[in-house]
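Below you'll find the structure, written out as structure tokens, and then a few comments.
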Amino acid sequence: MSALPAGAPPRWAVLPALLGTLLVLLPVAALLLQLQWSRLPHLLTSQAAVEALTLSVWTALAATLTCVLLGVPLALWLAHARFRGVGAIRSVILLPLVLPPVVGGLALLYTFGRQGLLGGAFDLLGVQVAYTSLAVVLAQTFVAMPFLVISVETAVRGLDREVLDAAAVDGAGRTGVLRHITVPLILPGLVAGAVLAFARSLGEFGATLAFAGSVQGVTRTVPLEIYLQRETDPDAAIALSILLIGVAVVVISLAYGRHIRPAER
């Protein structure tokens, strides 16, 4: 019998590991068993479901694009910043990771709402942000950006500094180094962060409800539709929940499947 690899967990760890697996697996299995599978096509093609799915997908894509455009430069800056206080700034940027989403939604409302910090300026421009599809995108971006920032910053910190320094010595400017060396090297981390940001945007609920409300076809995304359908049509809520679970499994596989390999014997 082959010896266990160095650092392998003790045998007693198998039981709590199995219990932890069951804690996640059993609720998912309960949903799968509860659904009337014959009704699944009808439930996912109803007008309310299609509108919620369409809204969720395009707002999640818009939020992911916004996260990339703003989050990548932010992650690069955080990875190279060396001044005192950068840790506090990083903590604030990553705050949505631990902040209850509904609190984030209220913060956005008091920033972009009519009575908010910037509400007067938007009123002068004739732009309404709160309770619109734009509010959905902003709420999703708020909660999803930390996932991309962490992924990209970690990838940047793992780069070989000698390669970057050599490029600078050869006369490459900062933009050239970023375009031809940094971005290709951190691309796996960037893709993983973008995929996770998309998944987080797709599943966002609390911030969206507080900041955008729930108007069918305008701000009612799939999680909000699930919340509303759970009382009137539980089967529809279960069907949409299983759809989100399927998307989450695919996203996790795309984000981490290529980077995790079984330990060699």
Condition check for G217: on the phi > 0 side of the Ramachandran plot and out of contact with any strand residue (DSSP E or B) (no Cβ under 8 Å at 6 or more places or on another chain): yes
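Rundown of residues vs (1) within 23 Å of A144 (Cα to Cα); (2) of a type outside the set (F, W, Y), yes/no style:
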residue: G189; (1), (2): yes, yes
residue: F198; (1), (2): yes, no
residue: F211; (1), (2): yes, no
residue: R230; (1), (2): no, yes
residue: S241; (1), (2): yes, yes
residue: I245; (1), (2): yes, yes
Condition met for R39 (over 24 Å from T182 (Cα atoms), charged (D, E, K, R) and touching a helix residue (DSSP H, G or I) at 6+ places or on another chain (Cβ under 8 Å)): yes
Any hit, the stretch 19-30, residues being of a type outside the set (F, W, Y) and touching a residue at least 60 places away in the same chain (Cβ under 8 Å): yes
Odd one out for G176, checked against (1) free of Cβ contacts under 8 Å to residues at least 60 places away in the same chain; (2) under 25 Å from P101 (Cβ atoms); (3) in contact with a helix residue (DSSP H, G or I) (Cβ under 9 Å, 6 or more places away or on another chain): (2)
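So, in the stretch 98-120, how many residues would count as being assigned to a loop (DSSP other than H, G, I, E, B) and either of a type outside the set (A, V, I, L, M, F, W, C) or under 22 Å from the mean Cα position of the chain (by Cα) (or both)? It would help to see each step written out before you state the result.
Within the stretch 98-120, the subset assigned to a loop (DSSP other than H, G, I, E, B) is 98-100, 113-118.
With either of a type outside the set (A, V, I, L, M, F, W, C) or under 22 Å from the mean Cα position of the chain (by Cα) (or both) added as a condition, the list becomes 98-100, 113-116.
Within the stretch 98-120, residues that are assigned to a loop (DSSP other than H, G, I, E, B) and either of a type outside the set (A, V, I, L, M, F, W, C) or under 22 Å from the mean Cα position of the chain (by Cα) (or both) number 7.
Values quoted throughout were computed directly from the atomic coordinates according to the rules given, and no laboratory measurement underlies them. None of the values given here were measured: they were computed from a predicted structure. Note that each Cβ is placed from the backbone with ideal geometry, even for glycine, and that neighbours are counted across all protein chains shown.
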